[in-house]
Amino acid sequence: MKRRDFIAATAALLVSPTRAQGTRRRLGFLAIGDGSGQALNQAERVLLDGLRNHGWIDGKNLIVEFRFSHPPNRMPASVADLIAFNPDVLIVAGPQAALALKSAPATIPIVFVAVGDPEKLGLVQSLSRPGGNITGFSAVIPDDFLAKRLEILRELVPGASKIALLVNPENPTLQRQNMAEEIPRMARRLGIALLTVEATTAEELDVAFASAATQHADAIIDFGDPLTYVEAPRIIALAAKHHLPANYLFPHYVANGGLSVYGADAADLFRRAANYADKILKGTKPSDLPVERPTKFELLINMKTAKALGLTVPPSLLVRADEVIE
């Protein structure tokens, strides 16, 4: 029996008058993936720790159900499972999962985490006044954020003139950004060539990296997507195989051998999501909680990987790094 199934079964056996009296609340969680990756486990742990800090303990006064859609086309089944669970609040990670939950009854409060532009996606009316039953934490970042990531790579790889951008064209956030105009404009401003390589499945990641190498890219940037988030080990291995210095969005990449990370502190977003869940469980309406943006960003560097790639990390970059893995 899987761990989550065991927890759910144990909770069901323990339900007695306490449950009947309504003292146990229900929280559901939805994300793309199979739930076995380090990144998803970390998100789960941070969320449960955050809830515990507010007095909500899974199996005591709270019942938590996790659903991971893998492959992504199983999302409707995962959504149906969570709706049948009849949760008091749902926490959802990523834009695809958040959009899938738009079909949930409007009576279920929803808190999303790491959604690129929830207003443009139609999830909320505005960031300050979300309206309806949905609020959360966006991944809306400064306009120059991608440029900063490119500059980090250029510091790591002096003379880099061609950089690949790994994207999932099915990412709804990407679809609503005018990348066709933005990328060439940014490339001209920085004086580099930016080429796009695409992947919508794990298998297509192999093709994308091979394409980047064939086009003689000097380095690669993972634009950021639930697919690449859960496929971090595969991506790290592909970057090593093709000798491509890479920059990623999430800390678990560097911890597992990725070269560098610059992005929002994902753990902080899930801690803040636990805070919103607490407020909702205590009676606050999602419409009264404004959508908040990332406030903490991290620069992480793996020196062992840099050495394997033959790179010398400049002291100016090391000084700015929040963490350096030797």
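The values are calculated or read from the model by the stated rules, or taken from the named source; none is laboratory data. All figures in this text were calculated on a predicted structure; none of them were measured in a lab. A quick note on method: Cβ atoms are made from the backbone with ideal geometry, for glycine too, and the neighbour counts reach across all protein chains shown. Surface accessibility is based on the protein's heavy atoms, side chains included, excluding ligands, DNA and RNA. Shrake-Rupley method; radii C 1.70, N 1.55, O 1.52, S 1.80 Å.
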Exercise. How much accessible surface area, in Å² rounded to 10, belongs to the heavy atoms of Leu121 with a 1.4 Å probe?
Worked result: 10
Seminar exercise, completed: Filtered hits (aspartates and glutamates, Cα-Cα < 20 Å from Lys241, offset >= 8 within chain) -> Glu198, Glu203, Glu204, Asp206, Asp218, Asp222, Glu231
Exercise. Shape call for the stretch 31-170 from the C-alpha gyration tensor, a ≥ b ≥ c root eigenvalues: rounded (a/c under 1.5), prolate (a/b greater than b/c) or oblate?
Worked result: prolate
Problem set entry | In Å², nearest 10: area of Arg271 left accessible to a 1.4 Å probe | 110
For this session: Tell me the label-point distance for the pair Met303, Ile57, using the 7 Å Cα-to-Cβ offset, in nm and rounded to one decimal.
Result: 4.2
Problem set entry | DSSP H segments from the chain that extend 18 Å or more along their own axis, Cα-based, with Kyte-Doolittle mean of -1.0 or above | 38-53, 202-214, 266-281
Exercise. Expressed in nm to one decimal, what extension gain is obtained for the pair Glu151 and Ser316 from 0.36 nm per residue of sequence separation less their Cα-Cα distance?
Worked result: 58.2 nm
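Given a 1.4 Å probe, how much area per residue of the chain is accessible, in Å²? Walk me through the numbers on the way to the answer.
Numbers: 14790 Å² over 326 residues.
For the chain, the solvent-accessible area averages 45 Å² per residue.
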For this session: Could you calculate the FRET efficiency of Ala240 with Asp144 from 1/(1 + (r/R0)^6), where r is the beta carbon distance between them and R0 is 25 Å, rounded to 0.05?
Result: 0.30
Seminar exercise, completed: A chain fully extended from Asp81 to Gln215 at 0.36 nm per residue, minus the present Cα-Cα distance, gains in nm 43.8 nm
Problem set entry | Alpha carbon centroid spacing (whole Å) that separates the stretch 84-145 from the stretch 280-326 | 22
Exercise. Per residue of the chain, what 222 nm ellipticity follows from adding -39500 (n - 2.57) for every DSSP H run with n ≥ 4, rounded to the nearest 500?
Worked result: -12000 deg cm²/dmol
Seminar exercise, completed: Once all protein chains are kept in place, Thr228 shows an accessible area at probe 1.4 Å, nearest 10 Å², of 10
For this session: Just list whichever of Lys102/Lys296; Lys60/Lys285; Lys148/Lys307; Lys60/Lys120 have alpha carbons separated by over 31 Å in the model shown.
Result: Lys60/Lys120
For this session: Please state, as a whole number in µm²/s, the translational diffusion coefficient that the Stokes-Einstein equation yields for the stretch 252-319 at 4 °C and 1.567 mPa s, with Rh defined as the Kirkwood radius across alpha carbon pairs.
Result: 89
Problem set entry | Estimated distance in nm for a label pair at Leu190 and Lys296, the labels positioned 7 Å out from Cα along Cα-to-Cβ | 2.6
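What fraction, in whole percent, of alpha-carbon pairs in the chain exceed 30 Å separation? Each step should come with its number before you reach the end.
Details: 19106 of 52975 pairs.
Value for the chain: 36 percent of Cα pairs lie more than 30 Å apart.
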